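This report concerns only the one structure given below.
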Number of protein chains: 2
Amino acid sequence: MHFADLLVKKIKVTSPICVGLDPRFEQIPEHIREDAATVGTAFFEFNKGIIDAVHDLVPIVKPQLAFYEQYGLDGVAAFVRTIEYAKEQGLLVLADGKRNDIGSTAEAYAQAYIGESGDFSVDALTVSPYLGYDGIKPFLELCTVNGKGIFILVKTSNVSSGDIQDRKVDDLNMALYELVAQFVDSWGHDLIGESGYSSVGAVVAATYPKEAVKLRELMPNSIFLVPGYGAQGGGAKDVVSCFKPDGTGAIVNNSRGIIFAYEKMDKFGPKQYAEAAREAVLAMKEDLESAIRP
Amino acid sequence: MHFADLLVKKIKVTSPICVGLDPRFEQIPEHIREDAATVGTAFFEFNKGIIDAVHDLVPIVKPQLAFYEQYGLDGVAAFVRTIEYAKEQGLLVLADGKRNDIGSTAEAYAQAYIGESGDFSVDALTVSPYLGYDGIKPFLELCTVNGKGIFILVKTSNVSSGDIQDRKVDDLNMALYELVAQFVDSWGHDLIGESGYSSVGAVVAATYPKEAVKLRELMPNSIFLVPGYGAQGGGAKDVVSCFKPDGTGAIVNNSRGIIFAYEKMDKFGPKQYAEAAREAVLAMKEDLESAIRP
């Protein structure tokens, strides 16, 4: 097993779409909320419906840990049930935790999320680079041993991402995010698989397409996880630069635009939220395909 | 309630020591491991002994989330029981999670850890700055509303912390960590309490004392959380520069050097791990006091 190879293979027969499983209690259809004993139960039932509706259309889902942690043990239990169910349905699971620490603490995070087994064991984890190589090395080691992956934050989608990431560094005449990209490329070198892609990926926002062009050059072997499509303002035109000319090399995340699609589609009521999600994925797939291969 | 004011008050009657509750199963005394049904139960029993032994000597404890997450739901349940017990014993609790995200996701993390209530609700949380102001704002808001605190990573203790943090930025003639320090100072401005300290603190390592001198100037109103004392190589001499001349302004963390002190003290066996921890705190207090006020 090699994470990037597996992901590339699954993308080929489905789509380059990552469905963000970011449940928000207030937005979950009433019939699920009413039947659920706890918030966590509602989260799981809601996610189950989404997974059933999209599992044959996408390679990977991405639960955002913050939304589960917000509800304590009950929320985290829903995360555990969700990743278990997603795996049963043949999906890869990327935990969006943006974890970061050093030494034995980073090892503990790595064991938690990309260890061989355990409640939180998934296929890949998002990781934050502020601590430097020491903070990444324990994750690289488990990627190698267990065939897992990480996605390192490089250029994020938010307005003030430039506070830190856009700073020009040293006399290198480059921005910090470009330096991080160089690190990502070199850190991922030993994890390149048969697909030509490394299990060390990069988070590169759709909201900064010009930057993405440079980043695509700096990290030729990294799969980009692209947030910011849809709700955050980026469209298919903007994500094109995250893909290679052959149409590979990126997965585009969409959370709210898919899981809460029913809110914006007249023809679906809250009880058809899963059908609405499926239709939103199909529409997104068409939108991406027409932009990637015009 | 104002986090920094409360912390400063507690430091005055105890010590500037933060005890890191980072349980490692292999290092927990055998009598606890044998009696415990699960790893999480062993973690809690072990932590309870430490808390009982040190609660009158220190203002705050810092459970490191990675060590709990490593054992899934069982581990996280031990985290919940630990913070509850620590609060009952009158201790402040700082969750070391280095969380970071943007927008509504950062809001969810803030609600999880510095919300008014909930399983994971503690007094303060460590936060990573790579995402810029958008990633910090939701935490600042809850600090204000709930009287809670955050500690933002500025300069970490690890060897490769310089990969990112030491980069010279722009034409400002300063390192990135100094720029982050300026942000921390300004982000914390509205949260300064009667003590003169802000509820927005900074993580500044003991392993880089020269840098700490500059950082002390750049963040006059921030309490420094100082890792790297003891096991990571920094001594009392090195942490002095994290304090102000009046002896206030920092808390020095020690995890392994306190909780597993029994391993290095001939006069205590594993069954006296709590007494050993108490003695280690007392020795550290003396060490710090003699260095801070020579």
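Based on what the data block shows, is A:Gly90 part of a loop (DSSP other than H, G, I, E, B), more than 11 Å from every other protein chain (Cβ to nearest Cβ) and either open to solvent by less than 10 Å² (accessible area, probe 1.4 Å) or not β-branched (Val, Ile, Thr) (or both)?
Working: part of a loop (DSSP other than H, G, I, E, B): yes; more than 11 Å from every other protein chain (Cβ to nearest Cβ): yes; either open to solvent by less than 10 Å² (accessible area, probe 1.4 Å) or not β-branched (Val, Ile, Thr) (or both): yes.
For A:Gly90, the condition - part of a loop (DSSP other than H, G, I, E, B), more than 11 Å from every other protein chain (Cβ to nearest Cβ) and either open to solvent by less than 10 Å² (accessible area, probe 1.4 Å) or not β-branched (Val, Ile, Thr) (or both) - is met.
What about B:Leu57, is it more than 11 Å from every other protein chain (Cβ to nearest Cβ) and over 30 Å from A:Ile83 (Cα atoms)? Spell out the reasoning first.
Details: more than 11 Å from every other protein chain (Cβ to nearest Cβ): yes; over 30 Å from A:Ile83 (Cα atoms): yes.
So B:Leu57 passes the test.
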statement: Within segment B:123-149, the residues that are within 12 Å of another protein chain (Cβ to nearest Cβ), buried (at least 24 other Cβ atoms within 10 Å of the Cβ) and not in a helix (DSSP H, G or I) are B:Leu125, B:Thr126, B:Val127, B:Ser128, B:Pro129, B:Tyr130, B:Leu131, B:Ile136
- prompt: Can you tell which of B:Asp163, B:Asp96, B:Asp74 is facing chain A (nearest Cβ under 9 Å), within 30 Å of A:Pro227 (Cα to Cα), assigned to a helix (DSSP H, G or I) and charged (D, E, K, R)?
  reply: B:Asp163
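What's the total number of residues in segment B:94-104 that are of a type in the set (S, T, N, Q) and surrounded by fewer than 24 Cβ atoms within 10 Å (Cβ to Cβ)?
Step one: list which residues in segment B:94-104 are of a type in the set (S, T, N, Q), which gives B:100, B:104.
Restricting the remaining residues to those that are surrounded by fewer than 24 Cβ atoms within 10 Å (Cβ to Cβ) gives B:104.
Count: 1.
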query: What single numbered condition from (1) under 22 Å from B:Phe120 (Cα atoms); (2) assigned to a loop (DSSP other than H, G, I, E, B) fails to hold for B:Ala66?
result: (2)
- request: Please state which of the following conditions B:Ala95 fails to meet, knowing it meets all the rest: (1) touching a residue at least 24 places away in the same chain (Cβ under 8 Å); (2) within 27 Å of A:Ala205 (Cα to Cα); (3) not charged (D, E, K, R).
  value: (2)
- prompt: Considering segment A:1-48 alone, what residues qualify as being among the small types (Gly, Ala, Ser) and open to solvent by less than 20 Å² (accessible area, probe 1.4 Å)?
  reply: A:Ala4, A:Ser15, A:Gly20, A:Gly40, A:Ala42
- line: When A:Val54 is run through (1) out of contact with any helix residue (DSSP H, G or I) (no Cβ under 9 Å at 6 or more places or on another chain); (2) buried (at least 24 other Cβ atoms within 10 Å of the Cβ), the failure sits at (1)
query: What number of residues in segment B:219-234 are surrounded by fewer than 21 Cβ atoms within 10 Å (Cβ to Cβ), over 24 Å from B:Ile51 (Cα atoms) and touching a strand residue (DSSP E or B) at 6+ places or on another chain (Cβ under 9 Å)?
result: 1
message: Of the conditions (1) crowded, with 23+ Cβ neighbours inside 10 Å; (2) in contact with a helix residue (DSSP H, G or I) (Cβ under 8 Å, 6 or more places away or on another chain), B:Asn253 satisfies every one except a single condition; which number is it?
response: (2)
field: All positions within segment B:173-196 that are assigned to a loop (DSSP other than H, G, I, E, B) and open to solvent by less than 10 Å² (accessible area, probe 1.4 Å)
entry: B:Gly188
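Can you spot a residue in segment B:115-122 that is open to solvent by 10 Å² or more (accessible area, probe 1.4 Å), more than 8 Å from chain A (Cβ to nearest Cβ) and closer than 26 Å to A:Gly40 by Cα? Talk me through it step by step, then tell me what you get.
Step one: list which residues in segment B:115-122 are open to solvent by 10 Å² or more (accessible area, probe 1.4 Å), which gives B:116-119.
Filter again for more than 8 Å from chain A (Cβ to nearest Cβ), leaving B:116-117.
Subsequent filtering for residues that are closer than 26 Å to A:Gly40 by Cα retains B:116-117.
Looking for residues that are open to solvent by 10 Å² or more (accessible area, probe 1.4 Å), more than 8 Å from chain A (Cβ to nearest Cβ) and closer than 26 Å to A:Gly40 by Cα, one finds at least one in segment B:115-122, hence yes.
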- prompt: What number of residues within segment A:1-31 satisfy the criterion of being in contact with a helix residue (DSSP H, G or I) (Cβ under 7 Å, 6 or more places away or on another chain) and more than 27 Å from B:Ile102 (Cβ to Cβ)?
  reply: 2
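Might you check whether a residue that is more than 23 Å from A:Val93 (Cα to Cα), out of contact with any Lys or Arg (no Cβ under 8 Å at 6 or more places or on another chain) and without any contact (Cβ under 8 Å) to a residue 40 or more places away in the chain occurs anywhere in segment A:8-18? Quick ask: steps written out before the conclusion?
From segment A:8-18, those more than 23 Å from A:Val93 (Cα to Cα) are none; that's our starting set.
No, the conditions are met nowhere in segment A:8-18.
Taking the conditions exactly as written (open to solvent by 70 Å² or more (accessible area, probe 1.4 Å), more than 24 Å from B:Pro29 (Cα to Cα) and over 17 Å from the mean Cα position of the chain (by Cα)), does B:Lys264 satisfy them or not? Show your work before the answer.
Numbers: open to solvent by 70 Å² or more (accessible area, probe 1.4 Å): yes; more than 24 Å from B:Pro29 (Cα to Cα): no; over 17 Å from the mean Cα position of the chain (by Cα): yes.
Against the criterion (open to solvent by 70 Å² or more (accessible area, probe 1.4 Å), more than 24 Å from B:Pro29 (Cα to Cα) and over 17 Å from the mean Cα position of the chain (by Cα)), B:Lys264 does not qualify.
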query: Any chance segment B:199-218 includes a residue that's aromatic (Phe, Trp, Tyr) and modelled with pLDDT of 95 or more?
result: no
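Report whether or not A:Ser117 is within 20 Å of the chain's Cα centre (by Cα), in a loop (DSSP other than H, G, I, E, B) and hydroxyl-bearing (Ser, Thr, Tyr). Break it down into steps so the answer makes sense when it comes.
Details: within 20 Å of the chain's Cα centre (by Cα): no; in a loop (DSSP other than H, G, I, E, B): yes; hydroxyl-bearing (Ser, Thr, Tyr): yes.
For A:Ser117, the condition - within 20 Å of the chain's Cα centre (by Cα), in a loop (DSSP other than H, G, I, E, B) and hydroxyl-bearing (Ser, Thr, Tyr) - is not met.
Which ones in segment A:195-228 are of a type outside the set (A, V, I, L, M) and under 24 Å from A:Lys137 (Cβ atoms)? Even if it seems obvious, please write down each step before you answer.
At the first step, the residues of segment A:195-228 found to be of a type outside the set (A, V, I, L, M) are A:195-199, A:201, A:207-211, A:214, A:216-217, A:220-222, A:224, A:227-228.
Of everything in segment A:195-228, those that are of a type outside the set (A, V, I, L, M) and under 24 Å from A:Lys137 (Cβ atoms) turn out to be A:Ser195, A:Gly196, A:Tyr197, A:Ser198, A:Ser199, A:Gly201, A:Pro220, A:Asn221, A:Ser222, A:Phe224.
What are the residues in segment B:60-71 that are more than 10 Å from chain A (Cβ to nearest Cβ) and either surrounded by fewer than 24 Cβ atoms within 10 Å (Cβ to Cβ) or in contact (Cβ under 8 Å) with a residue 60 or more places away in the chain (or both), if any?
Residues satisfying the conditions are B:Ile60, B:Lys62.
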message: Looking at segment A:150-169 only, could you name the residues that are farther than 18 Å from A:Leu131 by Cα and either open to solvent by 40 Å² or more (accessible area, probe 1.4 Å) or touching an Asp or Glu at 6+ places or on another chain (Cβ under 6 Å) (or both)?
response: A:Asn158, A:Val159, A:Ser160, A:Lys168
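Residues of segment B:25-54 being within 14 Å of chain A (Cβ to nearest Cβ) and either touching a Pro at 6+ places or on another chain (Cβ under 8 Å) or of a type in the set (D, E, K, R) (or both), which ones?
From segment B:25-54, those within 14 Å of chain A (Cβ to nearest Cβ) are B:25-27, B:38-40, B:43-44; that's our starting set.
Across segment B:25-54, the qualifying residues are B:Glu26, B:Phe43.
The values are calculated or read from the model by the stated rules, or taken from the named source; none is laboratory data. All values reported here derive from a predicted model rather than from experimental measurement. Virtual Cβ from ideal backbone geometry, glycine too; neighbours counted across all protein chains shown. The accessibility values were calculated without ligands, DNA or RNA, using every heavy atom of the protein model including side chains. Shrake-Rupley method; radii C 1.70, N 1.55, O 1.52, S 1.80 Å.
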